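Written below as structure tokens is the structure these notes are about.
Any read-out appearing in this document is the output of simple, stated calculations on the displayed coordinates, not a laboratory observation. Model, not experiment: these values are computed from the prediction. With ideal geometry, Cβ positions are generated from the backbone for all residues, glycine too; neighbour counts draw on all protein chains shown.
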Amino acid sequence: MNRIFCLLALLCPLVSISQITPSISPLYGKVVSTDNSPLAGANLALLKSKRRATTGFDGNFSMEITSLPDTLVISHISFTTIRIPVTATTGNPLMIVLELKNTSLQDVVVSTGYQDLSKERATGSFVKIDHELLNRRVSTNILDRLEGVTPGLLFNRNTIASSKNLLDLNIRGHSTLFANDQPLVVVDNFPYDGDISNINPNDVESITLLKDAAAASIWGVKAGNGVIVITTKKAKPNQKLAVAFAANTTIGEKPDLFYSRSFLNASDFIDVEDSLFRRGFYTNDFSSVNRPPLSPVVDILRKKQSGILSAAEADAQINALRGLDVRNDLSKYLYRSSLNQQYAVSIRTGNTNSSYYFSAGFDKNLSGLQGNENTRASLSSLYQLSVSKKLNLSLGINYTQSSIQSNNPGTITTGGPGSRNLYPYAQLADADGNALAIVKDYSSLYTDTAGAGKLLNWKYRPLDELRLADNTTRSSDVRINFGLTYSFTPAFSAEVKYQYEKAASINRNLFNEQSYFTRNLENMYSSITGGVVTRPIPLGGIVDFANTALQSGRVRGQLNYATKWKTVHQFSAIAGTEISEVINDRNTNRMYGYNDEIASNNTLIDYATNYRLYYNPGSTARIPNPQGISETTDRYISYYANAAYTLRALYTFSASGRIDKSNLFGVNTNQKAVPLYSAGFAYEISKASFYHLSWLPYLKLRASYGYSGNVDKTVTGYTTALANTLGFYSGLPASTIINPGNPELRWERVRMLNTGIDFSLKGGWLSGSIDYYTKKGIDLIGSSPIAPSSGFSSFRGNTANTAGHGLDIVLNSVNLRGRLNWTTQFILSQASDKVTAYAVTSAPVTYIQQGYGNGGTIFPLVGKPLFGIYAYNWAGLDAATGNPLGYLDGTISSDYTNILAKTTVDNMGFFGSSRPTVFGSVRNSFGYKAFSFSFTVVYKLDYYFRAGSYSSASLFNNWLGHADYTLRWQKPGDELLTTIPSLQFPPVNSNREQFYGSSAVLVEKGDHIRLQDIQFGYTHGHAKFFGYLNNLGLLWRANKKGLDPDLFTGNLPLPITFTIGCNLTF
Amino acid sequence: MKSIFSIRSLFTFIVFCICLASCKKEEDWLAKKPNKALVVPVNFTDFQSLLNNEDLFNGNDVSLGFMAVEDYYVTYPVWQARATATERNSYTWEQNIYEGESVIDWNNPYQQTYYCNTILEGLDKMPVESKAAPDWKQLQGSALFFRAYAFFKLAFTFAAPYDKNTAATDAGIPLRLDADPNNLQSRASVQQTYDRIIADLKLAEELLPVTVSIKTKPSKAAARALLARVYLSIEDYDNALLYAESSLLLNNTLLDYNSLNAAAPFPFGLFNAEDIFHTRQVAYGIFNITRAFVDTTLYRSYQTNDLRRILYFSGSGSTIAFKGSYEGSATYYSGPATAELYLTRAECNARKGNTITAMNDLNVLLQKRWKTGSFVSFTAATPADALAIILTERRKELVFRGTRWLDLRRLNKDTRFAVSLTRILNGKTYTLPPNSQLYVLPIPDNEIRLSGIQQNPR
């Protein structure tokens, strides 16, 4: 920061001195926009003379010039920067015309992956995110940068997929039930088959979203969820050598473990255990053959009961635990501040007949979890050559190598029946930081003595596990592009494009011989007879491998035709064919008795024998053998064509069609192919002769209609068995018939009608676009019931339909022009969907418990949103018992068995969608001289989520606490203050638990507004310095429980991150 | 110009290649399997691989009948909180039991039937020379065996008990004999149902080999044992005797219970010598060994020196748990074993008046069940006495096997052996009188809705 102030201090006197000593006559003139209106607030800079000026409200400027020749740079926050050479002959006054920047819809080139289109003549719904906007945000994954800046694109943050750090995006809602629901990602010309995180964001020039049929249907059966086209940077012919360097560092706060309400303080937890103990709740566990884990408090109580500990000693030991909070230890030993570094360098150069782009990038991310980090190195090059005027070649090679270490799962659980949670008073380390043991799969009293010293140590020390973990995934991805274009005439050309991609990843997870995983398996299968230990699993480490390999080849031949005649007609068309093949291989393997020092293993493993388990000789198990192998192949042959005709730059008509054929197994060949088409119309009414609205100089109307598709390859035409299992007894390879043959299978289709307007007010004060669309999912693959005497209870076929509609609004306003610029972008998207045809109605409990998509699966219910939130109706708490009350046949009841059994699909409570149906952002950008500042507020509205609460059964059996426990009903009268039911002592009525957990009282409105990020920058010459704050937190939320609704249950809020960086260009 | 021409020809060539790929070879190229593990079953390996799905064929034998018998009881809290609607209602013999739940006991046998029909149709399409192969015979026999077994399970659960006077008109089960899921079948008569079961089993018996690699595969002995069980259930005692006899010719081994370790959590080994064909019952939660307690009267009927008292059961007082499954684990074996055939042969002989032969079989069996030296042979003065003793011992030997349901449906018709079952829950007593319509379980609700077949009167 100091340096910036120094520079400022230096600049100011320079300006004032120059005014005193003019040496050459001053330069003056006017800056206007393309519609000839004066532009205020344009910045002018003379590079050699080192003079700056800003236009006034009349657009006029005047500045001193000290050396000639010089270069004048004219920039404006909403207009494209231009450079003008200034020589001795440059005459005054200068008239400078600036063009609006591409965010304001004019003369933007969008790419569909098959062709570049002028947005002016486009009929479809495109969104283009340019380089500048992409670089406003800092991320390792390029697609993350679309969040909050892209109308119609929803980042799902509250889904199971997003909780696993997978991208979960929806463009204009959901239009499939069980098939792939993610948009197609295209890089330059071809779909990207590998992991999108292999793309170095610094290589990306722009991203275009294809949202409607006219834009996307050229991608046929893959376009049903929308298309994201990433365009990478290229060099131009005759380009001077340009070198760009980017570096930034991001520091993230430690994740806030104390956010989660799913935690009960140690003291209350101990009280619960104490009262359960007195009720004999653990007695079964004491004698259970499975030696289930018992918490330290229960162990102490047991010792107290049997007289090993005196009452005073026991109470003292227990009271010492009351003040502990395991989250302190977890935070201290498992978490840290994250640190991400990103570096990139690129070179562009070109001469008369060739151009070359080269870049290298390096990322190193230390995650917020200790022991987890990843690195990525990428190289990218593109060489373009004009062999002759007619023949152009291009060759691109991209290579990415990455390494991911995942040694820290972030959580620690106890094992045992129902996967018991970690007790709140667990201690991970002693005062000196030495690792301490916690209870794991068996009771401590058992592991203290089991095997009488003959077995391996059976204790579990989480911090030692963290230290011993060695779980690394290394991957590489190479992508080679070759292109050849030949122009027969200026209007007619042909091209061939080819892409080969090969990606491989190797995951190696080594469980050291000292790790608990290894010791536990060893001991489980060991037996001791006559003092001799037999170990079917040989001593040594265990190493797991999971390898995946992807290989894809895509080739395309395409004819292009574009012509203009009689100045008023403009016609362009493309037609082509494309063949692709993607092969995915996967295999997993395990080695026992592994010695990492000499990379050798023991191969004499008996996987067939059922061994008696040491801790419970009544049960037997085979030695786990996670070997597996699979190979899938996707093949497509596609034919496509697209044409557009523009008359007098006023009307544009467009049409496209595509046929896809694929190796959809066993389907009648003629049904493998389905034509998907679209038609579009655009009318730039502001160019019509009758149009005279001078305040609205730009107005364009658009409409499009058409189909795109989707494919679910899990269904087949033949009666197909899947060799996916082993005989339960014999262990022989066994098959399951996965579907009776259905030769009538068809592609899923998505029909979309889109109407929109683009407009710009005089002077560009306000511009934007509004799109309204309706969409229908047709012939969606869904289940329909079939008489079970057929051998099946449901039949998968093209039986379901969905419908949706929505609105995308983008408004750009220039609020202030002058020395201080202020612009605002407002984005609002609305997207709603519902099921219109589905043949199966599940039991109400299914919708209530899973309808909102928490498991990642859709449970379609006709007339309702795809992810509906349903609940049992709530009638408060019983004043006498604190029992939750519901409705049975319309009357208030606590007959939970019958409430659960008799609630129907028609009378269960329905709230709305669990996915935001209205969402968007507001971004304000300010510019003052060389400084810029912007911040984004995002909002997600009109949706619901289920807040968790405590459950007696989970607390007792799974040690899963919840802060609600402390707020529960405890005495008559509390029902007026709380909605949290009383504690149930065993035997717990599980129907009561289920009723409350799925009741309406726990459904909350998800609406919220968040301050997403703040960016500030300073440009000096070739350098831009910036700072960036992300995930700043909620400004407002509808729920009163302090919950962030945009999180999957159990996830922690994304920590605030701070980035500093600089970009240099020479 | 020349170079341009050659580039033009290159283009022509490339476009030609693409066209070629897209026309002639296109279909072949697109015939590639999307997932290598997908199999269209056509050959012996594919068919065997379907039958190797032991989870389907051996692991989920129907047990709604067992659920309703008096071998076990559960406490009121378990019944109230742990059980599904089907479990709760079956336990107390309600008229409507499923409340919309899907019924694995119905679905599973029909799924087996679909697999078997797929195999049978596939085998039928094979060339003549293949049909002579031993593999073909074994697969054909196995598929017929499994389908007949599936039909039999459905018949004794969802169709009326066999009565030769009304069998031609009583509703049996839909007999699905092809692999077309859309070929709906209405209910055949009980007579047609058993005719089909017996005919298929007899065919299977001829085709199946004497020895099989694992007891989950049907063998000749298994087909005979199953025929004996089927004939017994329809009170055709001559044929039951014939097939029990012929099965025992192939395997008559009996375990000596004295050689077993009663202290073990599960004293019996999987695939032990008595096991002829291995199946186990659906593991419904309500009769999990931790919740289902053995009927105390039944438990007390085992005398002190009867080793079954300690090999079959653990626990004490009113909480006796069953541990005697031939599965060697907490799930209940339900296949035919040699001991069942001894009892069947004994019963048939008793019914024919061959008292001595009958008692001899019973004593040979019990000799192996009692502590060495403690067993005093049973004697009977009359065939009727013999029958009564044999049926009592049958009940004690075949506990938790699922056969009690069959026996109740058959024996209740005989006033000498008819019993009324009772359950007491939370002070309320439920009763199942002999020959009640409740001995025929309702067809699942979704089957009625989707195929329109006739429901059973309850």
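Peptide packing for A:378-391, A:744-757 was compared via the average number of neighbouring C-beta atoms within 10 Å per residue; ordered from the highest value, the list is A:744-757, A:378-391.
Take B:342-351, A:254-263, A:112-121, B:295-304 and order them by the average number of nearby Cβ atoms within 10 Å per residue, most first; the result is B:342-351, A:112-121, A:254-263, B:295-304.
Between A:Ala682, A:Ala901, A:Phe190, the Cα set farthest toward the positive side of the dipole of chain A (charges on each charged residue's Cβ, about the Cα centre) is that of A:Ala682. Rounded to the nearest 0.05, the FRET efficiency derived from the C-beta distance between B:Arg449 and A:Tyr500 at R0 = 51 Å is 0.40. When you work out D = kT/(6 pi eta Rh) for chain B at 10 °C and 1.306 mPa s, using the Kirkwood radius from C-alpha pairs as Rh and the Stokes-Einstein form, the result is 66 µm²/s. Over the stretch B:146-290, all Cα pairs binned in 10 Å intervals from 0 give whole-percent P(r) values of 10, 32, 32, 20, 5, 0, listed from short to long. Averaged over the residues of A:626-635, the number of partner chain Cβ atoms lying within 10 Å of the residue Cβ comes to 3.
About its Cα centre, chain A has a charge dipole of approximately 2720 debye under the convention of +1 per Lys or Arg Cβ and -1 per Asp or Glu Cβ, with nothing else charged.
Place a label point 7 angstrom from the Cα of A:Phe286 along the Cα-to-Cβ direction, then list the residues of the stretch A:299-333 whose backbone nitrogen is under 19 Å away. Flagged as within label range: A:299-315, A:318. Near B:Glu327, the amide H atoms lying under 5 Å from its own belong to B:Tyr333; only residues 5 or more places off or on other chains count, and H is placed 1.01 Å from N.
What is the average number of partner chain Cβ atoms found within 10 Å of a Cβ in B:51-64?
Across B:51-64, the average partner-chain Cβ count within 10 Å equals 4.
Per-residue 3J(HN,Hα) values for the stretch A:429-443, derived from phi via the Karplus relation 6.51 cos²θ - 1.76 cosθ + 1.60 with θ = phi - 60°, read 8, 7, 4, 8, x, 6, 4, 10, 7, 10, 5, 10, 8, 10, 5 Hz in sequence order (x marks Gly and Pro). Only Cα pairs under 8 Å and 6+ residues apart enter the sum, and on that basis the relative contact order of chain A stands at 11 percent. Going by alpha carbons, how many degrees (0 to 90, nearest 10) lie between the helix axis of A:311-322 and the longest principal axis of chain A? For A:311-322 against chain A, the angle is about 10 degrees.
The charge dipole of the stretch B:36-87, taken about the Cα centre with unit charges on the Cβ atoms of Lys, Arg (+1) and Asp, Glu (-1), comes to about 240 debye, rounded to the nearest 20.
Is there a quick way to get the dipole size of chain B? I mean about its Cα centre, with the Cβ of Lys and Arg at +1 and of Asp and Glu at -1; what is the value in debye to the nearest 20?
680
In whole angstrom, note down how far apart the Cα centers of the stretch A:557-595 and the stretch A:280-311 are. Each part's Cα centre sits 65 Å from the other's. Compute the helix-to-body angle for B:190-207: its Cα long axis versus the longest principal axis of chain B, expressed 0 to 90° and rounded to tens. Approximately 70 degrees, to the nearest ten.
Taking the inverse of the average 1/r across all pairs of different Cα atoms in the stretch B:274-344, what Kirkwood radius in Å do you get?
Kirkwood hydrodynamic radius for the stretch B:274-344: 13.2 Å.
In the stretch A:104-236, a dipole from Cβ-located charges (positive for Lys and Arg, negative for Asp and Glu) runs towards its positive end, and of A:Gly113, A:Val127, A:Ile230 it is A:Val127 whose Cα lies farthest in that direction.
Taking every DSSP beta bridge that has both residues in chain A, what percent is antiparallel when rounded to the nearest 5? For chain A, the DSSP antiparallel bridge percentage is about 95. Distance between the modelled labels on A:Phe653 and A:Asn351, one decimal in nanometres: 4.9 nm (7 Å Cα→Cβ projection). Comparing B:Ala148, A:Val988, A:Tyr399 along the charge dipole axis of the protein assembly as shown, the residue lying farthest to the positive side is A:Tyr399, per the Cβ-charge model.
Counting Lys and Arg as +1 and Asp and Glu as -1 over every other residue whose Cβ lies under 14 Å from the Cβ of A:Ile218, the net charge comes to 0. Evaluating 6.51 cos²θ - 1.76 cosθ + 1.60 at θ = phi - 60° for every residue in the stretch B:339-352, the Karplus couplings come out as 4, 4, 5, 4, 5, 5, 4, 4, 4, 5, 4, 4, 5, 7 Hz, glycine and proline recorded as x. Ranked by how many other Cβ atoms sit within 10 Å of their own Cβ, fewest first, the residues A:Trp765, B:Trp79 fall in the order A:Trp765, B:Trp79. Distant-in-sequence amide contacts of A:Val86, defined by a placed amide H-H separation under 5 Å and a gap of 5 or more residues or a different chain, comprise A:Asp70, A:Thr71, A:Leu72.
Taking every alpha-carbon pair under 8 Å whose residues sit at least 6 apart, the stretch B:286-369 reaches a relative contact order of 21 percent. Cα-based radius of gyration for the protein assembly as shown, normalised by 2.2 N^0.38 Å, reads 1.08. Amide H contacts of A:Thr836: A:Asn801, A:Thr802, A:Ala803, A:Gly863, each under 5 Å away and 5 or more positions distant or on a separate chain (H built 1.01 Å from N in the peptide plane; Pro and chain starts excluded).
Residue-wise HN-Hα couplings along the stretch A:595-604, as the Karplus relation 6.51 cos²θ - 1.76 cosθ + 1.60 with θ = phi - 60° gives them from phi, are 10, 5, 5, 10, 6, 10, 9, 9, 9, 8 Hz; Gly and Pro carry x.
As a proxy for reagent exposure, B:Val39, A:Val918, B:Val62 were ordered by neighbouring Cβ count within 10 angstrom, fewest first; the result is A:Val918, B:Val39, B:Val62.
In a DSSP loop and with at most 14 other Cβ atoms within 10 Å, the trypsin sites (Lys or Arg not before Pro) in the stretch B:102-165 are B:Lys125, B:Lys164. Net charge around A:Ile196, counting only other residues with Cβ within less than 11 Å of its Cβ (Lys, Arg = +1; Asp, Glu = -1)? Neighbourhood net charge equals -4. Taking the Kirkwood radius as Rh and the Cα radius of gyration as Rg, the stretch A:221-366 has a ratio of Rg/Rh equal to 1.39. Cβ crowding within 10 Å ranks A:His962, A:His1020 as A:His1020, A:His962, fewest other Cβ atoms first.
For n ≥ 4 DSSP H runs only, could you compute -39500 (n - 2.57) per run for chain A, divide by its residues and tell me the 222 nm figure to the nearest 500?
After summing the helix terms and dividing by the residues of chain A, the value is -3500 deg cm²/dmol.
Helix B:220-233: angle to the longest alpha-carbon principal axis of chain B, degrees 0 to 90, nearest 10? Compared with the principal axis, the helix lies near 60 degrees.
Remark: mean inter-chain Cβ contacts per residue of B:174-187 equal 3, using a 10 Å Cβ-Cβ cutoff to other protein chain atoms.
The Rg/Rh ratio for the stretch A:104-236, using Cα coordinates for both the radius of gyration and the Kirkwood hydrodynamic radius, is 0.94.
Label-to-label distance for A:Val533 and A:Trp695 is 8.8 nm, based on points extended 7 Å past Cα in the beta-carbon direction.
Mean sequence separation of contacting Cα pairs (under 8 Å, at least six apart), scaled by the length of the stretch B:58-111, corresponds to a relative contact order of 40 percent.
Just to confirm my numbers, what's the Cα centroid distance between the stretch B:340-410 and the stretch B:432-451 in Å? Answer, in whole Å: 32.
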